[in-house]
Structure formats: structure tokens, C-alpha cells
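See below for the structure under consideration.
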Amino acid sequence: MPDLVRRAALPLTVLAICFTAIAGVTTTQARISASTSNTANVWSAGTLELDIDGPSRLFIDAGNMYPGLLLERCIPITYAGSIDGGDIRLFGELLPGGTNLEEYLVLAVETGRGSDPDCGDFTLERSLFNGSLAAMWQTHADFERGLPILDADAAGATTTMRVQLTVVDDNAAQSLASNFNAVLEVRP
């Protein structure tokens, strides 16, 4: 009988080895990996920049205005950004503290050529707005609705903006004031 036990043990041993081999195959995981490289990626932001000849030219202090008085200012503007296609617009808003003089102020905005802040050498190219200051800020209150001052195809594009203000000859305008914020902005 011992010989019979040996013979029976042999197939059980072979069966156990096969089971272990199969179990080992099902629990093994294969991995495939690789790596690659490239040159460094470089990103940089462009610039949108206005070069205004004399920032003080944007400020107009108009005290003691009267009918017939013309306040005039010429502002040379150059697009100095690195992104082609900068769109320069004028818009604004009324600020608290005024007493509705904007209803009696006539505003004219034009573009052309010239460098004299008093507009002595201004040459008209385009008339953009002529109406009350109140109407200007109602219709041109943000960039999307702003007056198109300059469509800059590339850096170096220039124009001169002429701004003229006059008071309507109406007694109701006496002692009134207007407080507003005018904005020149550029976007691609």
C-alpha cells in the first residue's frame, strides 16, 4: 500500500503545482510605460498700451462757463501695445455731486491730426459725436458702446482726439454743475 499512497500523492502534487501556476498568472499585472520630452514651452502675455501725449490734457477744469465760451482740448493718442488690432474707445459716466449741467453742455468729439493742445494745428478727419453731454454718457456708458477713437492695426497707430464743450444759451443752466468720468480704453 505504501506504493499506492505514493502514486496518489504524485498526481495531487502535480495538480497543486498547476493550480499555483494558474493562480500566479491571474494575479500578475503587466505595465507598459514610456517617456518623451520636448523643448520648453514659453507663454507670454502681450500688451495693450496707450501713449497719450501729456496725461494732464485729459483733465478739463471748466469753472465759470458761460454761453459762447468754447472749451477745446486736443489729445494726441498713440497705440503702443504689442497686440495688433487694439480698439481704442471713449466712454464715461456721470458721477454723484453734479446738478444736471450736462443737459445744457454741448459736446463735440472728433479725430484728426495735430499736436497743439489748444488745437491750433488740428485737421479734422472724423466727427464722432455732437450732442449734449447727458446724451453722450447715456449712449456711450461702457466700452462696448464707446466711441471708436482708433482701430490700431499695429503699434504706432496714431490719431488726435479733439474735445469741445460749450454751454447752451439758457438761463436754466446758471449755477449748475456736472461731474463725470471720461475713460479712454484699449482692448483687442
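I need the peptides 68-80, 137-149, 121-133 ranked by packing, meaning the mean over residues of other C-beta atoms within 10 angstrom, with the highest value on top.
On the way: 68-80: 17.2, 137-149: 15.7, 121-133: 14.1.
Ranked by mean Cβ neighbours within 10 Å, highest first: 68-80, 137-149, 121-133.
Over the range 50-187, with a single point scatterer placed on each C-alpha, what log10 of the ratio I(q)/I(0) does the Debye formula yield at q = 0.12, 0.21 1/Å?
Summing over Cα pairs of the range 50-187 leads to -0.47, -1.33.
How high is the FRET efficiency from Leu128 to Ala45, r the C-beta distance, R0 45 Å, rounded to 0.05?
Values: r = 30 Å, r/R0 = 0.67.
That pair, Leu128 with Ala45, gives E of 0.90.
Quick one: length gained pulling Asn64 to Asn171 fully straight, 0.36 nm per residue minus the C-alpha distance?
That pair, Asn64 and Asn171, stretches by 37.1 nm at full extension.
Classify the range 108-188 as rounded, prolate or oblate, taking a ≥ b ≥ c as the square roots of the eigenvalues of its Cα gyration tensor: rounded when a/c is under 1.5, otherwise prolate if a/b is larger than b/c and oblate if not. Walk me through the numbers before you get to the answer.
Working: a/c = 2.60, a/b = 1.48, b/c = 1.76.
Verdict is oblate for the range 108-188.
We did not get these values from a lab; they are worked out from the coordinates using the rules stated. Since we're looking at a predicted model, the values are computed, not measured. Quick reminder, even Gly has a Cβ in these numbers, built from the backbone with ideal geometry, and neighbours come from all protein chains shown.
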